[in-house]
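Visitor: Structure incoming, see below.
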Amino acid sequence: VLAELIASGIAIGAIYGLVAMGFAFVYKATGLVNFAQGEMTMLVAYIAWTIATSISANPFIVAAGAIAAAVLIGLLIERVIMRPMLGEPIFSSVLVTVALAVILRSSITLIWDAYPHGFDLAGGKSIIRFGGAGLRGAQVAAIVTLLAATVAFYLFFRFSRIGVAMRAVALDDRTALLMGISASRVHAVAWAASSIIAGFAGVLFAMIYDLSPAMFQLGLKAFPATILGGLDSVVGSGFGGVLVGLVENLAGGYGGSGLKDVAGFIMIIIILMVRPFGLFGEREVLRV
Amino acid sequence: MRSGTFKESYAGLIVLTDSGWVWFWSIALLLLMAVMPFAVNAYVLSLQTLVLITMTGALGLNLLTGLTGLISLGHVGFLVLGAYAYAVLVVKHHLPPLAGFAAAGIVPALFSIIVGLPSLRLRGLYLAITTLAFSYIINSVILEARSITDGARGIAVLRPEMLGLDFSSDQAFALLCLFVATVTLLACLNIRRSRVGRAFMAIRDNDIAARAMGINLQRFKLYAFMTSAFITGIAGALMGIYLSFVSVEGFPFLYSIEALAILIVGGLGSSLGVVLGTLLIVLLPEAVRILFGHLGSGLESMLSTGVHEVKSMLYGVVIILFLRFEPRGLVGVWHDAKRLWVHWPLRY
């Protein structure tokens with residue numbers, strides 16, 4: 001049982017990690033916590049499901065469509081809703097994302113419906129065995145995606161032009177502007193990228209469990225992961241996700257489902273009390 | 001043309017209002033609200049009651065978020081605690097309703113110390129996330145503590161009878177809500193002009209400067225949490241009685257968003273703003289329903305199947321529009337209108 005719990009804990013943790021990376025990506029570039037991350041995850045998953053059921057179930061077509069939709073959603077949100085808020089207090093911008101979350105959540109229920117749907121794609125439900133534990137295809141895919149994303153982002157921030165620009169903006173946006181970096185382009189890339197990662201997480205989650213309007217809770221579950229990893233550490237968030245998934249699953253296995261639901265939230269409070277900047281985050285130094 | 005006003009003492013600066021007309025219109029409004037329950041139909045009466053209860057709760061959040069600048073996304077947790085404290089004591093243990101109301105304030109206030117403690121170290125976003133987590137933990141605890149709260153089954157609550165008065169009719173209950181809302185409003189207005197209120201505002205504007213001026217941050221942040229939770233808890237008890245049923249599902253997360261929307265729409269930190277914001281936010285879905293009713297049946301049927309969704313969408317849109325175009329909220333609009341009225345046709 002322990003092996004099963006650990007294996008499925010890592011799998012769900014990988015999905016939390018992906019969503020958490022989306023949080024960290026936006027936070028790093030814009031200094032905002034995007035409370036609509038879970039809803040974006042859900043929206044992309046619903047679009048992917050619609051493509052799979054009404055156009056073609058070919059996984060490549062679905063993936064391409066989902067990525068295109070995710071980029072579009074990310075850019076649209078950045079351009080139409082977030083960019084006019086530049087220069088306003090952080091408080092206002094964050095509340096805008098809270099409002100956006102509510103809007104997205106209810107429009108999904110209005111456009112599609114409130115019932116759960118199964119989402120099967122390219123053998124996502126077939127079982128693969130590793131020693132004592134069996135995992136579904138989609139669970140393995142989640143772990144692989146997380147690993148790939150971690151490597152990709154490490155390389156991206158280290159070597160790519162826009163990645164370095166993004167780090168510069170995160171460090172000091174005014175100096176970055178003086179160096180000729182377009183902050184609004186960096187923001188646009190961050191929103192699009194975080195939307196893509198969120199989309200991957202959403203599709204994989206829907207394949208393992210079901211597609212339902214309750215999926216936005218994925219965003220809430222990923223909060224502890226980002227905070228554990230450090231809000232400004234994209235790679236740390238991925239790792240934090242796996243840890244949170246493990247703790248949650250073990251708590252659920254040995255302490256009952258009530259404990260499973262709140263394990264993540266209890267972790268948030270403990271982490272914030274002990275190490276508010278997370279395991280990999282940078283300690284925030286406050287100067288007057 | 002009216003000249004500027006000049007104050008000659010500190011007392012004159014912090015007085016509630018220096019205008020007799022403001023007193024006159026406030027009392028006239030209060031009397032109107034007191035007579036209204038006996039003149040309108042049941043539907044309008046229930047809306048009036050809802051506005052009064054919502055106003056009480058939003059005033060509670062305003063003390064914390066508007067006045068002290070601590071963002072809480074989990075205020076619905078205090079609401080549900082207040083409702084359960086009242087229901088458990090009065091329905092299950094047959095205590096007098098007055099004791100129930102006291103507990104509905106005190107229990108959330110005690111819990112708020114637990115939530116408030118992390119807030120002493122955290123600021124801004126982190127605090128918002130902590131309070132959000134707290135409201136989910138509260139729900140889970142209430143569902144698990146079956147021996148105290150009956151878990152997911154919920155508790156049916158009857159209208160109270162206290163101090164020799166019977167509040168079982170809708171009219172009497174509306175008057176009770178009016179009384180509580182008025183007292184809360186007065187309390188909030190007066191906290192603002194007291195030493196404590198000034199400390200709250202100093203913390204909001206710059207906490208480091210506030211500490212340098214000798215304000216004990218720990219103490220005053222906890223005060224803010226406790227008073228805010230106390231008021232919200234009372235509103236929760238009233239809400240439970242209004243719904244006549246207390247359950248975790250009866251207090252969805254949407255309420256936290258609704259309260260924030262009220263503060264933003266009204267104007268952060270202002271009690272007048274809370275009143276205006278509550279009116280707009282609570283009556284907005286009704287206004288939209290009436291509008292859609294004229295437009296056609298297709299939209300109306302969508303509205304009746306997805307009330308919850310349409311409501312949340314409206315709140316979201318209103319929050320975004322106000323933050324973007326009128327961050328000062330309705331209070332700002334009101335001040336502009338007043339200035340225009342006094343100085344027209346001059347601009348200043």
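What follows is calculated from the coordinates using simple rules that are stated; it is not laboratory data. Note that the structure is a prediction, hence the values are computed from the model and not measured. When we count neighbours, we look across all protein chains shown, and the Cβ atoms used for this are built from the backbone with ideal geometry, even at glycine.
Visitor: Enumerate the residues in the stretch B:175-207 having an amide nitrogen under 16 Å from the point lying 7 Å beyond the Cα of residue B:10 toward its Cβ.
Guide: B:192-200, B:202
Visitor: I need B:117, A:147 ordered by Cβ neighbour count within 10 Å, fewest first.
Guide: By the 10 Å Cβ count, ascending: A:147, B:117.
Visitor: Something else: What are the GluC sites (Glu not before Pro) within the stretch A:239-288 that DSSP puts in a loop, where the Cβ has at most 12 other Cβ atoms within 10 Å?
Guide: A:284
Visitor: May I ask for the angle, rounded to the nearest 10°, between helix A:217-229 and the longest principal axis of chain A, with both axes built from Cα atoms and the value confined to 0 to 90°?
Guide: Approximately 60 degrees, to the nearest 10.
Visitor: If you bin every alpha carbon distance in chain B into 10 Å steps from zero, what whole percent lands in each bin?
Guide: 5, 23, 32, 26, 11, 2, 0
Visitor: How crowded by other chains is B:256-267, given as the mean number of beta carbons from other chains within 10 Å of each beta carbon?
Guide: 2
Visitor: State the Cα centre-to-centre distance between the stretch A:207-240 and the stretch B:172-203 in whole Å.
Guide: First find each Cα centre; the distance between them is then 39 Å.
Visitor: In chain A, once you exclude exposed trypsin sites (Lys or Arg not before Pro) (DSSP loop, at most 10 other Cβ within 10 angstrom), what's the longest stretch remaining? Can you show the working numbers first?
Guide: Numbers: sites that count: A:283, A:287.
In chain A, the maximal stretch lacking such sites is A:1-282.
Visitor: Where does the longest stretch of chain B lie that holds no GluC sites (Glu not before Pro) found in a DSSP loop with 12 or fewer other Cβ atoms within 10 Å? Intermediate values should be presented prior to the final figure.
Guide: Details: sites that count: B:8, B:249.
Answer - B:9-248.
Visitor: Would you please put B:24-30, B:287-293 in order of how densely packed they are, using the mean number of other Cβ atoms within 10 angstrom per residue and starting with the highest?
Guide: The packing order, highest mean first, is B:287-293, B:24-30.
Visitor: Kindly express, to the nearest 10 degrees and within the range 0 to 90, the angle between helix A:257-274's C-alpha long axis and the longest C-alpha principal axis of chain A.
Guide: 30
Visitor: Right, next: Count the net charge of all other residues whose Cβ sits under 10 Å from the Cβ of residue A:248, scoring Lys and Arg as +1 and Asp and Glu as -1.
Guide: That works out to +1.
Visitor: Can you return the lysines within cross-link range of residue A:221? Criterion is Cα-Cα under 20 Å, with same-chain partners fewer than 8 residues away left out.
Guide: Candidates past the 8-residue exclusion: A:28, A:260.
Visitor: Between B:214, B:273, B:66, find the one with the highest GNM mean-square fluctuation for chain B; connect C-alpha pairs within less than 10 Å.
Guide: Largest GNM mean-square fluctuation: B:214.
Visitor: If you don't mind, another one. Using the membrane-span-like helix rule (whole DSSP H runs, Cα extent along the own axis of at least 24 Å, mean Kyte-Doolittle hydropathy at least 1.0), which helices of chain B qualify?
Guide: B:20-39, B:42-61, B:97-119, B:124-144, B:170-192, B:217-243, B:271-295, B:307-325
Visitor: Give me the distance in nm between label points sitting 7 Å out from Cα along the Cα-to-Cβ direction at residue A:210 and residue B:93, one decimal.
Guide: It works out to 4.0 nm between the two label points.
Visitor: Using only helices, what value at 222 nm comes out for chain A when you add -39,500 (n - 2.57) per DSSP H run of length 4 or more and divide by the total residues, to the nearest 500 deg cm²/dmol?
Guide: Working: 11 runs with 206 residues, N = 288.
Calculated at 222 nm, the ellipticity per residue is -24500 deg cm²/dmol.
Visitor: Take peptide A:256-262, look around each residue's Cβ out to 10 angstrom, count Cβ atoms belonging to other protein chains, and average those counts.
Guide: 4
Visitor: So, R0 is 45 Å and r is the distance between the beta-carbons of residue B:19 and residue B:145; what FRET efficiency does that work out to, to 0.05?
Guide: 0.30
Visitor: Would you list which aspartates and glutamates come within 20 Å of residue B:311, measuring only between C-alpha atoms, while excluding same-chain residues fewer than 8 positions from it?
Guide: Excluding near neighbours in sequence, the set is A:39, A:113, B:249, B:258, B:286, B:300.
Visitor: Here's another thing I want to ask about it. Say the dipole of chain A comes from +1 at the beta carbon of Lys and Arg and -1 at that of Asp and Glu; which of A:45, A:159, A:229 then lies farthest toward its positive end?
Guide: A:159
Visitor: Using the beta-carbon distance between residue B:335 and residue B:286 and R0 = 30 Å, what value does 1/(1 + (r/R0)^6) give for FRET efficiency, to the nearest 0.05?
Guide: 0.65
Visitor: Per-residue mean of other chain beta-carbon atoms within 10 angstrom of the beta-carbon, peptide B:309-319?
Guide: Across B:309-319, the average partner-chain Cβ count within 10 Å equals 6.
Visitor: Give the residue list of chymotrypsin sites (Phe, Trp or Tyr not before Pro) in the stretch A:5-95 that are DSSP loop and have at most 10 other beta-carbon atoms within 10 angstrom.
Guide: Passing both the DSSP loop test and the Cβ count: no residue.
Visitor: Please give the helix A:234-255 orientation as an angle from the longest Cα principal axis of chain A, in degrees from 0 to 90, rounded to the nearest 10.
Guide: With rounding to tens, the tilt is 40 degrees.
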